[in-house]
Amino acid sequence: MTNYRERLKDITTFIFDYDGVLTDGSVIMLPDGDGVRRSNVKDGYALNFAVKNGYRVVIISGGKSLSMQKRMDALKITDVFLGVTYKLDIFEEYCDVNELNPDEIVYMGDDIPDYQVMQRVGIACCPADADVEIQQISHYISKYNGGSGCVRDIIEQVMRVQGKWMNESAFKW
């Protein structure tokens, strides 16, 4: 199998799970029923920077809350699928509609609901604290845990290989 680093040059699309990837997996339930999740601002910067540089950034999550949607809106991420019960269906439809080859996609997940999609993408990756089955099928395991920089880790690697990491738009939030 080709080293995952050699395939970073072909990536056009990032797909992320939310809970356990963009967050540490903890959810604090408020009296109104909304769940509050803690996220990393460096991950947020990298997500927004990827969007600014023309990458597709997609969120597919079983979780669903107003705060999750507002976070994605703030980062200018428009392809957000929340409350998903079967991720493979959303993934396949998204690829069809956007005429994407799975080889140009990085998917980062952390648990069993991500497994089937991760088997179909060019680069499957996960946070350091992902479930063991997910680690076993990952081409890359970040040294960072979910919610602690793993998202920035993979975005930065792709953008560095493609020569887009330290460009002029890096300084304009």
Open item on the list: Would you confirm, using the coordinates I've provided, whether Asp103 is touching a Gly at 6+ places or on another chain (Cβ under 9 Å), among the acidic types (Asp, Glu) and not in a loop (DSSP other than H, G, I, E, B)?
Closed with: yes
Task: Among the candidates Val158, Val121, residue that is under 18 Å from Asp10 (Cβ atoms) and either in contact with a Pro (Cβ under 6 Å, 6 or more places away or on another chain) or among the hydroxyl-bearing types (Ser, Thr, Tyr) (or both) - done: Val121
TODO: Report yes if Asp43 is under 21 Å from Val117 (Cα atoms) and among the acidic types (Asp, Glu), otherwise no.
DONE: no
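Residues checked against (1) exposed (fewer than 15 other Cβ atoms within 10 Å of the Cβ); (2) out of contact with any Asp or Glu (no Cβ under 9 Å at 6 or more places or on another chain); (3) of a type in the set (Ser, Thr, Tyr):
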{"residue": "Asp96", "(1), (2), (3)": "yes, yes, no"}
{"residue": "Asp103", "(1), (2), (3)": "yes, no, no"}
{"residue": "Tyr107", "(1), (2), (3)": "no, no, yes"}
{"residue": "Asp111", "(1), (2), (3)": "no, no, no"}
{"residue": "Val121", "(1), (2), (3)": "no, no, no"}
{"residue": "Asp129", "(1), (2), (3)": "no, no, no"}
{"residue": "Glu133", "(1), (2), (3)": "yes, no, no"}
{"residue": "Gln136", "(1), (2), (3)": "yes, yes, no"}
Task: Residue list for the stretch 2-25, filter: without any contact (Cβ under 8 Å) to a residue 40 or more places away in the chain and closer than 22 Å to Tyr115 by Cα - done: Thr2, Asn3
- [ ] Might you let me know whether the stretch 163-173 holds any residue that is basic (Lys, Arg), more than 11 Å from the chain's Cα centre (by Cα) and farther than 15 Å from Phe49 by Cα?
- [x] no
- [ ] Could you list, in sequence order, all residues of the stretch 110-127 that are under 16 Å from Tyr4 (Cβ atoms) and part of a loop (DSSP other than H, G, I, E, B)?
- [x] Gln119, Arg120, Val121, Gly122, Pro127
Task: Filter result for the condition that a residue is over 13 Å from the mean Cα position of the chain (by Cα) and of a type in the set (Gly, Ala, Ser), over Gly109, Gly62 - done: Gly62
TODO: Would you confirm whether any residue within the stretch 64-77 is buried (at least 20 other Cβ atoms within 10 Å of the Cβ), small (Gly, Ala, Ser) and touching a residue at least 24 places away in the same chain (Cβ under 8 Å)?
DONE: yes
Open item on the list: Please go through the stretch 140-171 and give me each residue that is in contact with a Cys (Cβ under 6 Å, 6 or more places away or on another chain) and part of a loop (DSSP other than H, G, I, E, B), ordered by number.
Closed with: Ser142, Tyr144
TODO: Answer yes if at least one residue in the stretch 137-151 is among the β-branched types (Val, Ile, Thr) and over 23 Å from Lys42 (Cα atoms), and no otherwise.
DONE: yes
Task: Pairs with Cβ under 8 Å, 6+ apart, first in the stretch 131-143 and charged (D, E, K, R), second surrounded by fewer than 18 Cβ atoms within 10 Å (Cβ to Cβ) and in a helix (DSSP H, G or I) - done: Asp131/Ile112; Glu133/Ile112; Glu133/Tyr115
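A short reminder: the numbers here are calculations on the coordinates, not readings from a lab. What you see is a predicted model; the values in this text were computed from it and never measured. Glycine also receives a Cβ, built like all others from the backbone with ideal geometry; neighbour counts cover every protein chain displayed.
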